[in-house]
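Derivation of every value follows stated rules applied to the coordinates shown; laboratory data play no part. Just so we're clear, the structure is a prediction, and the values are computed from it rather than from any experiment. Cβ: placed from backbone, ideal geometry, glycine included. Neighbour counts: every protein chain shown.
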Amino acid sequence: MPVENVLEVADLGQVRAVPGARPEVLGVRNRRGQILPVVDLARLLGIARPGPPSRLLVAEARGCQAGFAIDEVSWVASAIWPSWRSSGVATADAMVSGLAPGSEA
């Protein structure tokens, strides 16, 4: 996810389930008076998780905001698409389960 789309990382807080929602949608959360949909990012990407998520990554794109339930943010880096694979980062394939191209610099 392009870092310029990330608004904040916070505690997950109280998430209310939405009846009939897809399994990866945990529900909605009140964020400063705004109703924010919360998606379980691990479930969306098909990654097993040892326990429940504890953090919320809030992102915005094209005027729409969403929350992603995550375990943690380990590091932030810029990657020029599609050269990220040839960057020499040995752990990239082991750690990156999903990647979406943003704007190229």
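Note down the net charge around residue 49, summing +1 for each Lys or Arg and -1 for each Asp or Glu among other residues with Cβ under 14 Å from its Cβ.
Around residue 49, the charge tally is -2.
Suppose the chain between residue 5 and residue 32 were pulled fully straight at 0.36 nm per residue; how much longer would it get relative to their current alpha carbon spacing?
Using 0.36 nm per residue and subtracting the Cα-Cα distance, I get 7.9 nm.
What shape does the range 1-74 have by the C-alpha gyration tensor, where a ≥ b ≥ c are the square roots of the eigenvalues, rounded means a/c under 1.5, and otherwise prolate means a/b greater than b/c and oblate the rest?
Rounded.
How long is the gain from residue 47 to residue 24 if the chain were fully straight, where each residue apart is worth 0.36 nm and the alpha carbon distance is subtracted?
Length gained between residue 47 and residue 24: 7.1 nm.
If you plug each phi of the range 3-16 into the Karplus form 6.51 cos²θ - 1.76 cosθ + 1.60 with θ = phi - 60°, what whole-Hz ³J(HN,Hα) values come out, in order, with x for Gly and Pro?
With coefficients 6.51, -1.76 and 1.60, one gets 4, 5, 8, 7, 8, 5, 10, 9, 5, 4, x, 8, 10, 9 Hz.
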